[in-house]
Amino acid sequence: METKRKLRWTAGFIFLLLLAAGFFILNILKGTSSIPAGEVLEALSGKDSGLPSHRIVREIRLPRAAAALLLGGALAVSGFLLQSFFANPIAGPYVLGISSGAKLTVALAMILALKNGISVSSWTLVAASFAGSLLSTGAILLLSGRVKNMAQLIIGGVMIGYICSSVTELAVTFADDANIVNLHNWSMGSFSGADRGDVRVILLIVVPAVILTFMLSKPLGAYQLGESYAENLGVNVRLFRVAMILLSSVLSACVTAFAGPVSFVGVAVPHLMKSLFGTAKPIVIIPASFLGGASVCMMCDLIARTVFAPVELSISTVTALFCAPVVIVIMLRRRKGGS
């Protein structure tokens with residue numbers, strides 16, 4: 001039985017790695033215009049022949065694909081942490097309004113800075129997004145102490161998200177600075193603005209945060225079985241809960257800072273990975289969620305920019321199309337199980 005389980009896990013990870021690699025390659029090859037594989041290889045090898053296709057690959061498609069990979073994985077891991085923290089299968093940065101809170105603070109920071117002629121660095125955006133994530137998470141935690149069940153908590157999170165999104169839309173609508181013309185596209189969700197400098201910042205934030213999350217796999221597995229059980233195993237539950245919230249906020253804040261709000265990936269992907277691997281063990285689901293979230297976001301980004309080219313869809317439009325049905329199935333199964 002154990003051997004069969006390990007074989008299933010190995011096959012699952014091989015499948016996810018191939019899937020992620022395949023979508024990464026497709027994102028570089030395909031776009032408004034297809035680039036031959038030979039020219040792509042030349043561009044990636046560092047040869048500078050002056051061809052426009054080389055610039056497109058290096059400066060546009062490669063950073064965008066890398067951003068979709070890293071941020072998609074970060075979003076799925078953040079969702080898994082929130083689901084474990086609240087013991088709710090449909091908890092996630094987008095559903096609980098955490099992404100909307102981060103979007104609000106980033107939008108306000110960009111508007112204020114650009115109106116005063118101040119350049120906005122990637123680190124400033126991440127800091128503003130992290131502040132918004134923590135504020136939204138704090139509001140959710142306060143709400144969780146007052147409501148009687150998780151359904152009310154989810155409704156409260158959705159309402160917080162709507163409030164933050166409304167304020168953001170007002171700010172974007174009445175902002176008259178010409179430099180923020182692209183802010184509306186960002187507020188709808190997009191990987192299009194990522195460059196190589198952004199990817200470096202994303203790497204410096206996402207990779208350590210995901211590694212730290214993976215290192216918490218053992219206490220997280222104990223926490224899933226109940227706080228009392230975790231305490232009996234020597235887990236400092238109060239400190240551990242703080243670590244979970246901080247890591248989840250950092251990951252979701254990084255996503256919002258560079259791509260805007262991305263809907264439902266953080267909720268749907270961890271459940272898809274549990275079904276694929278037949279387990280809820282964090283030591284398996286954390287890396288699986290990262291690879292699964294990366295694959296889903298790269299797939300959705302490819303669809304968003306190619307299906308109706310040259311018109312580009314927002315990333316949340318496509319992720320909602322694929323991931324929202326998964327959330328509906330989760331809710332129906334939970335209701336059936338509860339009844």
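The values are calculated or read from the model by the stated rules, or taken from the named source; none is laboratory data. Source: prediction; values computed, not measured. Don't worry about glycine lacking a Cβ; one is built from the backbone with ideal geometry, like all the others, and counts go over all protein chains shown.
Picking from SER136, SER84, SER122, SER100, which residue would you name as being hydroxyl-bearing (Ser, Thr, Tyr) and within 20 Å of LEU203 (Cα to Cα)?
Numbers: SER136 fails: within 20 Å of LEU203 (Cα to Cα); SER84 fails: within 20 Å of LEU203 (Cα to Cα); SER100 fails: within 20 Å of LEU203 (Cα to Cα).
Result: SER122 is the single residue among SER136, SER84, SER122, SER100 that is hydroxyl-bearing (Ser, Thr, Tyr) and within 20 Å of LEU203 (Cα to Cα).
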Tell me, please, whether a residue that is among the hydrophobic types (A, V, I, L, M, F, W, C) and more than 16 Å from MET244 (Cβ to Cβ) can be found in the stretch 70-87.
yes
Residues that are farther than 16 Å from ASN88 by Cα and either modelled with pLDDT under 80 or of a type in the set (S, T, N, Q) (or both), drawn from the stretch 304-339
THR306, ALA309, SER314, SER316, THR317, THR319, SER339
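For (1) crowded, with 17+ Cβ neighbours inside 10 Å; (2) within 19 Å of the chain's Cα centre (by Cα); (3) part of a helix (DSSP H, G or I); (4) not aromatic (Phe, Trp, Tyr), each residue gets a yes or a no:
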| position | (1), (2), (3), (4) |
| --- | --- |
| GLU231 | no, no, yes, yes |
| LEU239 | no, no, yes, yes |
| VAL242 | no, no, yes, yes |
| VAL267 | yes, yes, yes, yes |
| CYS300 | yes, yes, yes, yes |
| THR319 | yes, yes, yes, yes |
| PHE322 | no, yes, yes, no |
Of the conditions (1) under 23 Å from LEU291 (Cβ atoms); (2) in a loop (DSSP other than H, G, I, E, B), GLY193 clears all except one; give me its number.
(1)
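Looking only at the stretch 208-226, count every residue that is free of Cβ contacts under 8 Å to residues at least 60 places away in the same chain and either part of a helix (DSSP H, G or I) or buried (at least 22 other Cβ atoms within 10 Å of the Cβ) (or both) and tell me the total.
We begin by selecting, within the stretch 208-226, every residue free of Cβ contacts under 8 Å to residues at least 60 places away in the same chain; these are 208, 211-212, 215, 219, 222, 225-226.
Adding the requirement that they be either part of a helix (DSSP H, G or I) or buried (at least 22 other Cβ atoms within 10 Å of the Cβ) (or both) leaves 208, 211-212, 215, 219, 222.
Within the stretch 208-226, residues that are free of Cβ contacts under 8 Å to residues at least 60 places away in the same chain and either part of a helix (DSSP H, G or I) or buried (at least 22 other Cβ atoms within 10 Å of the Cβ) (or both) number 6.
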Looking for something within 17 Å of ALA294 (Cβ to Cβ) and touching a residue at least 12 places away in the same chain (Cβ under 8 Å) - is there at least one such residue anywhere in the stretch 236-247?
no
Within the stretch 90-123, the count of residues that are crowded, with 20+ Cβ neighbours inside 10 Å and under 30 Å from VAL269 (Cα atoms) comes to 19
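Tell me whether the stretch 132-149 contains one or more residues that are within 21 Å of GLY197 (Cβ to Cβ) and assigned to a helix (DSSP H, G or I). Let's see the steps before the verdict.
To start, the set of residues in the stretch 132-149 that are within 21 Å of GLY197 (Cβ to Cβ) comprises none.
Among the residues of the stretch 132-149, not one is within 21 Å of GLY197 (Cβ to Cβ) and assigned to a helix (DSSP H, G or I), which makes the answer no.
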In the stretch 286-326, what residues are in contact with a Phe, Trp or Tyr (Cβ under 6 Å, 6 or more places away or on another chain), aliphatic (A, V, I, L, M) and over 21 Å from ALA66 (Cβ atoms)?
ALA320, ALA324
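Are any residues in the stretch 111-130 assigned to a helix (DSSP H, G or I), at pLDDT below 85 and hydrophobic (A, V, I, L, M, F, W, C), and if so, which ones?
Filtering the stretch 111-130 for residues assigned to a helix (DSSP H, G or I) gives 111-115, 122-130.
From the residues that got through so far, the ones that are at pLDDT below 85 too are 111-115, 122.
If the condition is that a residue be assigned to a helix (DSSP H, G or I), at pLDDT below 85 and hydrophobic (A, V, I, L, M, F, W, C), then ILE111, LEU112, ALA113, LEU114 are the ones that fit.
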Any hit, the stretch 146-163, residues being over 19 Å from the mean Cα position of the chain (by Cα), within 21 Å of MET110 (Cα to Cα) and among the hydrophobic types (A, V, I, L, M, F, W, C):
yes
